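Enquirer: Quick one: this structure, given as structure tokens, is what I'll be asking you about.
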Protein chains: 2
Amino acid sequence: MNANAHSLLLTDLYELTMAAAFFENRHNPTATFELFVRRLPENRNFLVAAGLEQALEWVEQTCCAKVDVDFLRRHPAFGHISDEFFEYLRNFRFSGEIWAVSEGTVVFPNEPLVRVTAPLIEAQVLETYLLAAITYQTTVASKAARVILAAQGRDVVEFGSRRAHGPEAGLLAARAAYIAGCAGTSNVEAGRRFGIPTFGTIAHSYVMAFDDEVEAFQRYSSLFPEASVLLVDTYDTLRAVDKIIAAGLKPQGIRLDSGDLAELSTAARRKLDAAGLNETKIFASGDLNEQSIVELGRRGAKIDAYGVGTELVVSRDAPALSGVYKLVELERDGRTSYQAKFSADKGTHPAAKQVWRFRDADGKFARDLISQAGKRIAGAEPLLVKVMSEGKRTSHETLEQIRARAKKQIEDLPQQLFSLEQEAKYRVEFSDELERLLALVRKEHQPA
Amino acid sequence: MNANAHSLLLTDLYELTMAAAFFENRHNPTATFELFVRRLPENRNFLVAAGLEQALEWVEQTCCAKVDVDFLRRHPAFGHISDEFFEYLRNFRFSGEIWAVSEGTVVFPNEPLVRVTAPLIEAQVLETYLLAAITYQTTVASKAARVILAAQGRDVVEFGSRRAHGPEAGLLAARAAYIAGCAGTSNVEAGRRFGIPTFGTIAHSYVMAFDDEVEAFQRYSSLFPEASVLLVDTYDTLRAVDKIIAAGLKPQGIRLDSGDLAELSTAARRKLDAAGLNETKIFASGDLNEQSIVELGRRGAKIDAYGVGTELVVSRDAPALSGVYKLVELERDGRTSYQAKFSADKGTHPAAKQVWRFRDADGKFARDLISQAGKRIAGAEPLLVKVMSEGKRTSHETLEQIRARAKKQIEDLPQQLFSLEQEAKYRVEFSDELERLLALVRKEHQPA
């Protein structure tokens, strides 16, 4: 798909009907919305924030994107809406302020990842895009962190583009996985656009396209002497290793893609070493995930690097986060009115917020406190920083900075959160002040 | 993300290293590749093919897209590759033939959804994009078919864009869900681009943005008299229904988004009917899936339409299909050489194929036979049709045609495949001829 139309219409219809209703009612007070995840999925003890860059890029650019207002004019729902509104939409630009948790930061449920303050209409219409941009990359970065923990220092390369939820998702997954610590990706466009190292070996079709397996290996090795990782399982894995040795090839690596990877890697390693090919690395792939990688490690597999695709890019055990974007504050005529929602199991806390992170004596993360924004909490570090002012970005980070942050953040986590099997809770609390505010707002909406 | 660069680089690196290796070796015989799904995920008795349109659009357009060959020239792996190859890539166009199963067709594992015949290099480099484009939409269409079966005739509207794997995935999900029978989507761009009906109600933030819940309802209803579906659970669901009645509003519908939807819908229906609002529909949403919809039906919920988001667009119980793209045939110097792969659990059958569908006496689908392409099987209908010739599309279908096909195809399935809980197998066999070919190819590769 030629997806060059990431315009303001790439959103839910109700964002635009609500915008029209606010507009027609001249109801456009300053609003603050917060984007956060309601709860951790099973099998996740923490999340790694990612996707902000693409979200902000979009917010900054929506002002220039051409909105096809004719489509909306013809839409049956919009029959009673004035020309002024369509003109407003055609010239839409975001003029507000955004605070956000920096990408690569470890975060937990209820902690705002993004806080938007702007005229109500502008803040409202960002909802769908912000959620899609941020929760997907956060999903993948959080899954990747687990896979990397499982690999215990061995390289993990993301190569799931073909199984991602469409071509763009593959690109975004490559970025998020790299942030979380993957060594690189197979996605060439991700390399070109984001500067992520790209890797590749060969496919079974390459081997099959020649009459002879060894001929296929030889021809590849001579063209890619610095990148010759040979796939050995097209016909018979260990026979292919024998053939490589007999032909006198010295590949950078071999790739195992099927069968018992622990047994095959051990047998292949023995053969390679016996032939003096101690430098030839063994790569493994084939529907791997954190559990199978832990199991391979436990069985003493002689694997130097893992290629992880499908499980990583679709985050199979937790393919979605409960990400929401909620109104928390309105300012009208100089008066602040705090907003909360009391729906069963879906309540929210009112007021613009900041997240404060405390460390223990060893410098590890001890607990987080969610407070009202603008307050100063001693002895803790604030996680949200200003990233946009009057619709313009105020800070830029390189992908390498973000990746270094993620590494450091994960290192600073309490050890028990590293468990891939055991649920471990990190302490996150709302400040007393926020709890009082919630009680107040609730009281206002109590039946008389 | 401004994803206007769906160029040939939106692919796996090894597609391009293999292309270079073929090119430099002047090894470019005519090749046939087939894209198919290896096995059904748990909880799926059939798949609904979708995504071909976007795949073909891309193939036809890659010829004109600008490939950033400078990026590849600088890539460490490509140090030994000639200028001629980069020139070839810069001017790349696909010149081959494609056969495919029409979108909306019910398909099963091992059945080629797409068959590509072209010079080896051209056919190879399509792999990543074709898989990402087709398997995601097929995933969503197949999930949507289940949700629609669960809804037993009530409308299902897709509104998962915010939880999709990035903004583009939301757009693709809307299309796939509509093909499978959803009544529409919340995604405005999907409406604009694909002509899908778009629906929306209001959000909690809309209600909260006014001082008074009823004021919010009134203002919305007067602006959108034909599309006034009022969200009633922001503070207290049944009290909000009372308020609507007391204010004399006559909304098109109300939406329940939390709590016990069966109980609340029954109570709300009673209140609405007592007030003469028999025409006001009840919409339900909130992390719904096929199981919860069946359960609501079983409990006699008074729900007229379901909004389904996250579960649908990420296909939570089966977020990826085991889609592969495999070389099956090579033609060189007038000689056809059949290709198969014998890797453990990942074997493939050789030769270009056609799928034949037989019906029983009642006109229901009885079984499929996968034969060698070009053979005529009596009494059955071939599923693959030619869609591209010399790189140009030879057929176009409207989304409505595709959607009508899906409806008819699902109606023609044997009843037992409709079960949402029970696994039911549909009979799919390879022809004796293909089994013989496989044995032959295997023998050729046997150790001497």
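The values are calculated or read from the model by the stated rules, or taken from the named source; none is laboratory data. Everything numeric in this text was worked out from a predicted model, so none of it was measured. Cβ atoms come from the backbone with ideal geometry, glycine included; neighbour counts cover every protein chain shown.
Enquirer: Answer with yes or no whether B:Ile121 is at pLDDT 95 or above and within 17 Å of A:Arg162 (Cα to Cα).
Expert: Values: at pLDDT 95 or above: yes; within 17 Å of A:Arg162 (Cα to Cα): no.
Considered against the rule, which asks whether it is at pLDDT 95 or above and within 17 Å of A:Arg162 (Cα to Cα), B:Ile121 comes out as no.
Enquirer: Across segment B:332-344, which residue is farthest from the other protein chains (Cβ to nearest Cβ) among those that are part of a loop (DSSP other than H, G, I, E, B) and out of contact with any Asp or Glu (no Cβ under 7 Å at 6 or more places or on another chain)?
Expert: Taking segment B:332-344 and keeping what is part of a loop (DSSP other than H, G, I, E, B), we get B:333-334, B:339-344.
If we keep only those that are out of contact with any Asp or Glu (no Cβ under 7 Å at 6 or more places or on another chain) too, we end up with B:333-334, B:340-342, B:344.
Values: B:Asp333: 12, B:Gly334: 16, B:Ala340: 8, B:Lys341: 5, B:Phe342: 6, B:Ala344: 4 Å.
Ranking the candidates gives B:Gly334 first.
Enquirer: Considering only residues that are more than 9 Å from chain A (Cβ to nearest Cβ) and either touching a His at 6+ places or on another chain (Cβ under 6 Å) or of a type in the set (Lys, Arg) (or both), which ones fall in segment B:292-331?
Expert: B:Arg298, B:Arg299, B:Lys302
Enquirer: Among the candidates B:Ala268, B:Ala284, B:Ala275, single out the residue that is touching a helix residue (DSSP H, G or I) at 6+ places or on another chain (Cβ under 8 Å), of a type outside the set (S, T, N, Q) and surrounded by fewer than 21 Cβ atoms within 10 Å (Cβ to Cβ). Steps first, please.
Expert: On the way: B:Ala268 fails: surrounded by fewer than 21 Cβ atoms within 10 Å (Cβ to Cβ); B:Ala284 fails: surrounded by fewer than 21 Cβ atoms within 10 Å (Cβ to Cβ).
None of the other options fit; the residue is B:Ala275.
Enquirer: Would you call A:Ala424 more than 21 Å from the chain's Cα centre (by Cα), under 30 Å from A:Leu438 (Cβ atoms), exposed (fewer than 15 other Cβ atoms within 10 Å of the Cβ) and among the aliphatic types (A, V, I, L, M)? Write out each step before concluding.
Expert: Values: more than 21 Å from the chain's Cα centre (by Cα): yes; under 30 Å from A:Leu438 (Cβ atoms): yes; exposed (fewer than 15 other Cβ atoms within 10 Å of the Cβ): yes; among the aliphatic types (A, V, I, L, M): yes.
Taking the combined requirement at face value, the residue satisfies it.
Enquirer: I'd like the residue in segment B:427-448 that is part of a loop (DSSP other than H, G, I, E, B) and surrounded by 13 or more Cβ atoms within 10 Å (Cβ to Cβ) and, out of all such residues, is modelled with the highest pLDDT. Show your work before the answer.
Expert: First, the residues of segment B:427-448 that are part of a loop (DSSP other than H, G, I, E, B): B:431, B:445-448.
Then drop every residue that is not surrounded by 13 or more Cβ atoms within 10 Å (Cβ to Cβ), which leaves B:431, B:445.
Values: B:Ser431: 97, B:His445: 74.
Checked segment B:427-448; the qualifying residue modelled with the highest pLDDT is B:Ser431.
Enquirer: Identify, from the list B:Arg219, B:Arg192, the residue that is over 13 Å from B:Gln252 (Cα atoms), in contact with a strand residue (DSSP E or B) (Cβ under 9 Å, 6 or more places away or on another chain), at the interface with chain A (Cβ under 9 Å from one of its Cβ atoms) and not in a loop (DSSP other than H, G, I, E, B).
Expert: Just one listed residue meets the conditions, B:Arg192.
Enquirer: Take segment B:210-240 and flag every residue that is surrounded by fewer than 24 Cβ atoms within 10 Å (Cβ to Cβ) and aromatic (Phe, Trp, Tyr).
Expert: B:Phe210, B:Tyr235
Enquirer: For the condition in contact with an Asp or Glu (Cβ under 9 Å, 6 or more places away or on another chain), facing chain A (nearest Cβ under 9 Å) and closer than 21 Å to A:Ala340 by Cα, what is the one hit in B:Asp257, B:Asp211?
Expert: On the way: B:Asp211 fails: in contact with an Asp or Glu (Cβ under 9 Å, 6 or more places away or on another chain).
After ruling out the rest, the residue left standing is B:Asp257.
Enquirer: List the number of the failed condition for A:Phe217; all other conditions in (1) touching a His at 6+ places or on another chain (Cβ under 8 Å); (2) closer than 24 Å to B:Gly347 by Cβ; (3) among the aromatic types (Phe, Trp, Tyr) hold.
Expert: (1)
Enquirer: When you check A:Ala100 against the structure, is it crowded, with 24+ Cβ neighbours inside 10 Å, touching a helix residue (DSSP H, G or I) at 6+ places or on another chain (Cβ under 6 Å) and within 7 Å of chain B (Cβ to nearest Cβ), yes or no?
Expert: Values: crowded, with 24+ Cβ neighbours inside 10 Å: yes; touching a helix residue (DSSP H, G or I) at 6+ places or on another chain (Cβ under 6 Å): yes; within 7 Å of chain B (Cβ to nearest Cβ): no.
Here the answer is no, as A:Ala100 does not meet what is asked.
Enquirer: While we're looking at this one, here's another question. With segment B:30-120 as the region, which helices (runs of 4 or more DSSP H) entirely inside it contain at least 3 residues that are under 23 Å from B:Val328 (Cβ atoms)?
Expert: Details: elements: B:52-62, B:69-74, B:83-90.
Hits in segment B:30-120: B:52-62.
Enquirer: A follow-up question, please. Name every residue in segment B:4-30 that is under 16 Å from B:Phe92 (Cα atoms) and of a type in the set (Asp, Glu), in order of residue number.
Expert: Listed by number, the residues that qualify are B:Glu15, B:Glu24.
Enquirer: Which condition number does B:Thr117 fail, the rest of (1) assigned by TED's automatic domain parsing to the domain that holds B:Thr398; (2) crowded, with 24+ Cβ neighbours inside 10 Å; (3) in contact with a helix residue (DSSP H, G or I) (Cβ under 9 Å, 6 or more places away or on another chain) being met?
Expert: That leaves (2) as the condition not met.
Enquirer: Restricted to segment B:51-90, and to residues that are buried (at least 19 other Cβ atoms within 10 Å of the Cβ) and in contact with a strand residue (DSSP E or B) (Cβ under 9 Å, 6 or more places away or on another chain), which residue is nearest to the other protein chains (Cβ to nearest Cβ)?
Expert: B:Ala77
Enquirer: For segment A:376-407, which positions are farther than 21 Å from A:Ala180 by Cα, basic (Lys, Arg) and either touching a residue at least 60 places away in the same chain (Cβ under 8 Å) or surrounded by 13 or more Cβ atoms within 10 Å (Cβ to Cβ) (or both)?
Expert: Once the filter is applied, which keeps residues that are farther than 21 Å from A:Ala180 by Cα, basic (Lys, Arg) and either touching a residue at least 60 places away in the same chain (Cβ under 8 Å) or surrounded by 13 or more Cβ atoms within 10 Å (Cβ to Cβ) (or both), segment A:376-407 yields A:Lys386, A:Lys392, A:Arg393.
Enquirer: Among the residues of segment A:253-265, which ones are part of a loop (DSSP other than H, G, I, E, B) and out of contact with any helix residue (DSSP H, G or I) (no Cβ under 9 Å at 6 or more places or on another chain)? Spell out the reasoning first.
Expert: Looking only at segment A:253-265, we keep the residues that are part of a loop (DSSP other than H, G, I, E, B), and these are A:257-260.
The answer is A:Asp260, and nothing else.
Enquirer: Is it true that some residue in segment A:225-233 is farther than 21 Å from B:His445 by Cβ, touching a helix residue (DSSP H, G or I) at 6+ places or on another chain (Cβ under 6 Å) and in contact (Cβ under 8 Å) with a residue 12 or more places away in the chain? Walk me through how you get there before you give the answer.
Expert: Restricting attention to segment A:225-233, the residues satisfying the condition of being farther than 21 Å from B:His445 by Cβ are A:225-229.
With touching a helix residue (DSSP H, G or I) at 6+ places or on another chain (Cβ under 6 Å) added as a condition, the list becomes A:227-228.
Now drop any that are not in contact (Cβ under 8 Å) with a residue 12 or more places away in the chain, which leaves A:227-228.
Yes: segment A:225-233 contains one or more residues that are farther than 21 Å from B:His445 by Cβ, touching a helix residue (DSSP H, G or I) at 6+ places or on another chain (Cβ under 6 Å) and in contact (Cβ under 8 Å) with a residue 12 or more places away in the chain.
Enquirer: Which residue out of A:Leu230, A:Leu249 is more than 9 Å from every other protein chain (Cβ to nearest Cβ), within 26 Å of B:Phe36 (Cα to Cα), modelled with pLDDT of 95 or more and outside any helix (DSSP H, G or I)? Break it down stepwise before answering.
Expert: Working: A:Leu249 fails: within 26 Å of B:Phe36 (Cα to Cα).
Exactly one residue qualifies, and that residue is A:Leu230.
Enquirer: To continue, here is another question. Given the condition in the same structural domain as B:Tyr136 (by TED's automatic domain parsing) and among the hydroxyl-bearing types (Ser, Thr, Tyr), answer yes or no: does some residue in segment B:323-336 qualify?
Expert: If we filter segment B:323-336 for residues that are in the same structural domain as B:Tyr136 (by TED's automatic domain parsing), which is where we start, we get B:323-336.
From what's left, among the hydroxyl-bearing types (Ser, Thr, Tyr): B:325, B:336.
Yes, segment B:323-336 has at least one match.
Enquirer: Could you list, in sequence order, all residues of segment A:124-159 that are β-branched (Val, Ile, Thr), under 21 Å from B:Ala164 (Cα atoms) and over 14 Å from the mean Cα position of the chain (by Cα)?
Expert: Of everything in segment A:124-159, those that are β-branched (Val, Ile, Thr), under 21 Å from B:Ala164 (Cα atoms) and over 14 Å from the mean Cα position of the chain (by Cα) turn out to be A:Val125, A:Thr128.
Enquirer: Please find, within segment B:150-164, the residue that is farthest from A:Leu130 (Cα to Cα) out of those that are charged (D, E, K, R) and part of a strand (DSSP E or B). Reasoning before the result, please.
Expert: First, pick out the residues of segment B:150-164 that are charged (D, E, K, R): B:154-155, B:158, B:162-163.
Keeping just the survivors that are part of a strand (DSSP E or B) gives B:155, B:158.
Working: B:Asp155: 28, B:Glu158: 19 Å.
That would be B:Asp155.
Enquirer: Taking A:Leu10 and the conditions (1) more than 7 Å from every other protein chain (Cβ to nearest Cβ); (2) assigned to a loop (DSSP other than H, G, I, E, B); (3) not aromatic (Phe, Trp, Tyr), which numbered condition does it fall short on, given that it satisfies the others?
Expert: (1)
Enquirer: Still on this structure, please answer the following. Go through (1) under 26 Å from A:Tyr325 (Cα atoms); (2) more than 7 Å from every other protein chain (Cβ to nearest Cβ); (3) of a type in the set (Phe, Trp, Tyr) one by one and return the number of the condition B:Tyr206 breaks.
Expert: Every condition holds for B:Tyr206 apart from (2).
Enquirer: If you take the residues in segment A:73-96 that are in contact (Cβ under 8 Å) with a residue 24 or more places away in the chain and aromatic (Phe, Trp, Tyr), which one is nearest to B:Leu223 (Cα to Cα)?
Expert: A:Phe78
Enquirer: Another question about this same structure. Just one of A:His349, A:His445 is over 28 Å from A:Ala55 (Cβ atoms), in contact (Cβ under 8 Å) with a residue 60 or more places away in the chain and touching a Phe, Trp or Tyr at 6+ places or on another chain (Cβ under 8 Å); which is it?
Expert: Working: A:His349 fails: over 28 Å from A:Ala55 (Cβ atoms).
The match here is A:His445.
Enquirer: Which one is nearest to the chain's Cα centre (by Cα), of the residues in segment B:285-318 that are aliphatic (A, V, I, L, M) and assigned to a loop (DSSP other than H, G, I, E, B)?
Expert: The initial filter retains those residues of segment B:285-318 that are aliphatic (A, V, I, L, M), namely B:288, B:293-294, B:296, B:301, B:303, B:305, B:308, B:312-314, B:318.
In the following step, the residues that additionally are assigned to a loop (DSSP other than H, G, I, E, B) were identified as B:288, B:301, B:303, B:314, B:318.
On the way: B:Leu288: 19, B:Ala301: 30, B:Ile303: 27, B:Val314: 11, B:Ala318: 13 Å.
Looking at the filtered set, the residue picked out is B:Val314.
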